[in-house]
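Working notes, structure below.
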Amino acid sequence: MSCGAHSLFHLISIYVHYSKKDYKGKKNEQHSYKIGTWNVRTLNRGGKLKNLKKEMQKNEVSILGLSEERSKGQGEIRSGDYTVYYSRSERAEKVVAIVVHKRVVRSVVKKIVYNDRIIAIKLQAEPINILMMQVYMPTSEHEGDEVEELYGIIEEILEEGGKGNTNTIIMGDWNSVIGDESYRNTVGPHGLGRKNHRV
């Protein structure tokens, strides 16, 4: 899934199960988590992170993948009820990040920070774990070799992080334009622009 620079995030709902024993020894509570992706351009401007958290709260989003986040460095920061896992970019131009609500953070068992275009987290869940990957693809102006290299990295992460009982969700900004014509049962007639070669 992808999101335009001036639109709010795209959302889907998933069910995440995790074991939690209460004082009676019961476990396997069911939780419904809403996830999404957003091309935010930057969080460095004053009030941008606060606005993002407000939108997540309003839309009840538990996990949000970000493209063009533009923070420098690599690691994680905590802000209120949210933890931001982000990748590294020397010039802070192509950073991706994943924002996770505190009720989901305890399920994060692995962080995969590959480069400034790909980041992933693995959630411990039942009956199977979940691998969530945020991707920011180059625009069509970049060389095809760079795109193919990124697809190769995605395959590597899937082979390594997706081993065993794991469901995978890949989201982000693919910098593709689908055009305004229908295509089989995959694309409807309400797209924008002229289809580019990424589709």
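The values are calculated or read from the model by the stated rules, or taken from the named source; none is laboratory data. Bear in mind that the values here come from a model prediction, so they are computed numbers and not experimental data. Backbone-built Cβ (ideal geometry, glycine too); neighbour counts: all protein chains shown.
The criterion of being touching a helix residue (DSSP H, G or I) at 6+ places or on another chain (Cβ under 9 Å), aliphatic (A, V, I, L, M) and at pLDDT 90 or above does not hold for Ile98.
Yes or no, residue by residue, for (1) touching a residue at least 60 places away in the same chain (Cβ under 8 Å); (2) closer than 27 Å to Arg41 by Cβ; (3) of a type in the set (S, T, N, Q):
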residue	(1), (2), (3)
Val95	no, yes, no
Ile98	no, yes, no
Asp116	no, yes, no
Leu131	no, yes, no
Asp145	no, yes, no
Ile153	no, yes, no
Glu159	no, no, no
Asn167	no, no, yes
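Those strands (runs of 3 or more DSSP E) of segment 114-189 in which 1 or more residues are surrounded by fewer than 16 Cβ atoms within 10 Å (Cβ to Cβ) and of a type outside the set (Val, Ile, Thr) occupy 166-173. The set of residues in segment 101-113 that are in contact (Cβ under 8 Å) with a residue 40 or more places away in the chain and part of a strand (DSSP E or B) comprises His101, Lys110, Ile112. Quick one: would you say Arg198 is surrounded by 15 or more Cβ atoms within 10 Å (Cβ to Cβ), modelled with pLDDT under 85, within 20 Å of Thr37 (Cα to Cα) and of a type in the set (Lys, Arg)? Judged against the criteria, Arg198 is not a match. What's the total number of residues in segment 42-75 that are modelled with pLDDT under 85, assigned to a loop (DSSP other than H, G, I, E, B) and either over 25 Å from Ile130 (Cβ atoms) or of a type outside the set (D, E, K, R) (or both)? Residues flagged as modelled with pLDDT under 85, assigned to a loop (DSSP other than H, G, I, E, B) and either over 25 Å from Ile130 (Cβ atoms) or of a type outside the set (D, E, K, R) (or both) within segment 42-75 amount to 11. If you go through segment 80-95 and pick out every residue that is part of a strand (DSSP E or B) and at pLDDT 90 or above, you end up with 4. Restricting segment 31-40 to residues that are surrounded by 15 or more Cβ atoms within 10 Å (Cβ to Cβ) and more than 19 Å from Ser79 (Cα to Cα) leaves a set whose member that is modelled with the highest pLDDT is Lys34. If you go through segment 162-187 and keep only what is in contact with a Ser or Thr (Cβ under 8 Å, 6 or more places away or on another chain) and of a type in the set (Gly, Ala, Ser), you end up with Gly162, Gly172, Ser176.
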